[in-house]
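I have placed the structure first, in the form of structure tokens, so that the comments after it can refer back to it.
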Amino acid sequence: MHVDAAEDGGWELDPEDDAQAAVETVGRQLKMWREASGLRAAEFGAAIGYGENLIYKIERGVRIPRPEYLEKADEALGAGGKIAAMKKDVEQARYPKKVRDLTRWEAEAVELGAYGSHNLHGLLQTEEYARALFEMRRPAWSQDKVDREVAARVTRRSIFERTPAPALTFVQEEVTLRRPIGGTMVLRRQLERMLDVGQLRNVEIQVMPTNREDHAGMGGRIHLLKFGDSSVVGHSEGQFGSRPVSHPKEIQVLELRYGINRAQALTPQESLAFIEKVLGET
């Protein structure tokens, strides 16, 4: 028996998300295919293994259908691949709007610089480390929201496979390498990934030792993205209202802070040796 609580065939969608129109269109198409086949929502749900309530929500555009939902619907309705092809229409809607914007910037950037103070930068995170981070949020997030955020974070890692490869630099606080987010084994695999990524020719990872007496990063995280047309987008906690900025004077401040941060941190070679040392102690 399939119960309405079994709603893992789709993700929640923010009503104010600009992807709403695409999701609603896909929902209408799914409803038309179902009705043309003569199936009631409950019958269709039983055929593909999902609850009737979820079927209605997806058809109304309230939830985003997962790829496997569309594949099962295609087979059950004999659509010959037409429904499965809708995966492309909802692919970007799977991720929160702020993540879609960031992913678009990262896909176009020729250079990225980031300083992390509380946890490892998202691009460096393993899937299990990212999941542990999202699952410890307070107030607690729904499992649906955790799944969406993890999927979005994982897909951003495609930046490491881009050609031509962008220049990527990261400065991480020592504590982010030692805090056992998700447990010791999760941390060990996370450190191993950092060692692998740090070997890439276009990537430089630097560690900011805790014992530094002078530290330009006390204002919080810094994120800088530079593009081929020489424009720059930056973001920093605690400055400029924590909003993305692009004005030259604001960018100058962030570039100054980030540059001093890099100068105060261990060199990339020293940092990889330090990460390997922490891994051995973990």
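Within 28 Å of Ala273 (Cα to Cα), touching a Phe, Trp or Tyr at 6+ places or on another chain (Cβ under 8 Å) and either surrounded by fewer than 18 Cβ atoms within 10 Å (Cβ to Cβ) or not assigned by TED's automatic domain parsing to the domain that holds Thr267 (or both): is that true of Val171 in this structure? Let's see the steps before the verdict.
On the way: within 28 Å of Ala273 (Cα to Cα): yes; touching a Phe, Trp or Tyr at 6+ places or on another chain (Cβ under 8 Å): yes; either surrounded by fewer than 18 Cβ atoms within 10 Å (Cβ to Cβ) or not assigned by TED's automatic domain parsing to the domain that holds Thr267 (or both): no.
It is false that Val171 is within 28 Å of Ala273 (Cα to Cα), touching a Phe, Trp or Tyr at 6+ places or on another chain (Cβ under 8 Å) and either surrounded by fewer than 18 Cβ atoms within 10 Å (Cβ to Cβ) or not assigned by TED's automatic domain parsing to the domain that holds Thr267 (or both).
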Only unsatisfied item for Gly38, checking (1) loosely packed, with under 15 Cβ neighbours inside 10 Å; (2) at pLDDT 90 or above; (3) part of a helix (DSSP H, G or I), is (3)
Which condition number does Gly220 fail, the rest of (1) among the small types (Gly, Ala, Ser); (2) part of a loop (DSSP other than H, G, I, E, B); (3) out of contact with any strand residue (DSSP E or B) (no Cβ under 9 Å at 6 or more places or on another chain) being met?
-> (3)
If Gly182 passes every condition in (1) under 18 Å from the mean Cα position of the chain (by Cα); (2) at negative phi; (3) of a type in the set (Gly, Ala, Ser) but one, which one does it miss?
-> (2)
Find the residue count for segment 47-61, including only residues that are surrounded by 21 or more Cβ atoms within 10 Å (Cβ to Cβ), in a helix (DSSP H, G or I) and not hydrophobic (A, V, I, L, M, F, W, C).
-> 2
Going by the structure shown, is Ala85 farther than 27 Å from His235 by Cβ and either of a type outside the set (Val, Ile, Thr) or surrounded by fewer than 17 Cβ atoms within 10 Å (Cβ to Cβ) (or both)?
-> yes
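Results for (1) modelled with pLDDT of 90 or more; (2) within 14 Å of Ala114 (Cβ to Cβ); (3) of a type in the set (D, E, K, R), shown as yes or no for each residue.
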residue: Arg179; (1), (2), (3): yes, no, yes
residue: Met194; (1), (2), (3): yes, yes, no
residue: Gln206; (1), (2), (3): yes, yes, no
residue: Ser230; (1), (2), (3): yes, no, no
residue: Arg243; (1), (2), (3): no, no, yes
residue: Glu250; (1), (2), (3): yes, no, yes
residue: Ala263; (1), (2), (3): yes, no, no
When segment 224-258 is checked residue by residue, the ones that are surrounded by 13 or more Cβ atoms within 10 Å (Cβ to Cβ) and in a helix (DSSP H, G or I) are Phe240, Glu250, Ile251, Val253, Leu254, Glu255, Arg257, Tyr258
Going by the structure shown, is Ile64 among the β-branched types (Val, Ile, Thr), within 26 Å of Val146 (Cβ to Cβ) and part of a helix (DSSP H, G or I)?
-> no
With respect to Val90, determine if the residue is surrounded by 15 or more Cβ atoms within 10 Å (Cβ to Cβ), at pLDDT below 85, among the hydrophobic types (A, V, I, L, M, F, W, C) and farther than 25 Å from Gln190 by Cβ.
-> yes
Tabulated pairs, segment 149-160, first outside the structural domain of Glu127 (by TED's automatic domain parsing), second assigned to a helix (DSSP H, G or I) and surrounded by 17 or more Cβ atoms within 10 Å (Cβ to Cβ), C-beta under 8 angstrom, 6+ apart or interchain = none
Can you spot a residue in segment 125-148 that is of a type in the set (D, E, K, R), surrounded by 15 or more Cβ atoms within 10 Å (Cβ to Cβ) and in a strand (DSSP E or B)?
-> no
His2 meets each of (1) of a type outside the set (Val, Ile, Thr); (2) farther than 21 Å from Ala151 by Cβ; (3) at pLDDT 80 or above with one exception, condition (3)
Please list, ordered by first then second residue, the pairs with beta carbon atoms under 7 Å, 6 or more apart or interchain, first in segment 199-210 and surrounded by 12 or more Cβ atoms within 10 Å (Cβ to Cβ), second outside any loop (DSSP other than H, G, I, E, B) and of a type in the set (Gly, Ala, Ser).
-> Asn202/Ala167; Ile205/Gly198; Ile205/Ser271; Gln206/Ser271; Val207/Ser271
Count of segment 36-63 residues which are among the aromatic types (Phe, Trp, Tyr), free of Cβ contacts under 8 Å to residues at least 24 places away in the same chain and under 19 Å from Ala79 (Cβ atoms) | 0
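The values are calculated or read from the model by the stated rules, or taken from the named source; none is laboratory data. A quick note: this is a predicted structure, and the numbers were derived from the prediction, not measured. For neighbour counting, all protein chains shown are included, and Cβ atoms are generated from backbone atoms with ideal geometry for every residue, glycine included.
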